[in-house]
Amino acid sequence: MDTKVKISAVALRLLLGWFMFFDGLGILLNPNFTATGFLTNAKTFQGFYSWFALPMNIWWVDFITPLAIILIGVSLLVGVGVRLASWAGAFLMIIYYFPHYYFPIVTYGYIVEEHIIYAAVFVLIALWTPAQEFGFSGVLKRSFLGRVSFLRSIL
């Protein structure tokens with residue numbers, strides 16, 4: 001494969017990883033963060049999203065949200081578990097997409113907005129083998145961790 005394509009694929013992965021890592025870090029370091037407003041003001045699938053905002057659920061949602069975003073970012077940056085992190089990122093982007101809009105109408109068009117674009121990029125990284133190169137995954141696969149079939153498939 002062309003070197004320019006590999007460099008572009010890895011650069012895309014690193015840029016998205018950087019974006020996710022610092023977005024999650026910003027949420028984690030914000031002592032006032034809560035997803036309650038986001039969830040209770042959902043415009044599509046209100047019942048689904050408001051369930052996550054219930055007092056019995058919001059504590060773990062607020063805990064997991066920044067950690068998941070940070071872990072996705074770290075995974076993409078260090079090149080370990082890229083495929084799994086990319087699918088998780090695509091899932092998060094779809095989950096974050098619906099509360100903002102009265103589906104299918106979005107602010108600047110019809111159906112497509114930034115969460116859909118991010119989800120598409122995550123899917124591209126998950127499926128595009130060159131995007132998964134240049135990272136610590138190869139080192140870990142050659143270590144004792146690579147002998148564990150379950151871990152090898154994730155690495």
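Results, tabulated for the structure shown:
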item	result
Count - residues of segment 45-56 that are surrounded by 15 or more Cβ atoms within 10 Å (Cβ to Cβ) and in a loop (DSSP other than H, G, I, E, B)	1
Conditions (1) of a type outside the set (Phe, Trp, Tyr); (2) surrounded by 13 or more Cβ atoms within 10 Å (Cβ to Cβ); (3) without any contact (Cβ under 8 Å) to a residue 60 or more places away in the chain; (4) within 19 Å of residue 133 (Cα to Cα); number of the one not met by residue 113	(4)
Test: residue in segment 65-84 that is within 16 Å of residue 24 (Cβ to Cβ), surrounded by fewer than 14 Cβ atoms within 10 Å (Cβ to Cβ) and over 10 Å from the mean Cα position of the chain (by Cα)	yes
Filter result (loosely packed, with under 15 Cβ neighbours inside 10 Å and not aliphatic (A, V, I, L, M)) within segment 1-18	2, 3, 4, 8, 18
Filtered residue count, segment 69-117, keeping only those that are assigned to a helix (DSSP H, G or I) and either basic (Lys, Arg) or on the phi > 0 side of the Ramachandran plot (or both)	1
Filter result for residue 33 (within 20 Å of the chain's Cα centre (by Cα), free of Cβ contacts under 8 Å to residues at least 40 places away in the same chain and surrounded by 13 or more Cβ atoms within 10 Å (Cβ to Cβ))	yes
Selected residue (criterion: modelled with the lowest pLDDT) from residues of segment 22-73 that are among the β-branched types (Val, Ile, Thr) and within 23 Å of residue 119 (Cβ to Cβ)	44
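The values are calculated or read from the model by the stated rules, or taken from the named source; none is laboratory data. Please read these numbers as outputs of a predicted model, since none were measured by experiment. Methodologically, a virtual Cβ is constructed for each residue, glycine included, from the backbone with ideal geometry; neighbour enumeration extends over all protein chains shown.
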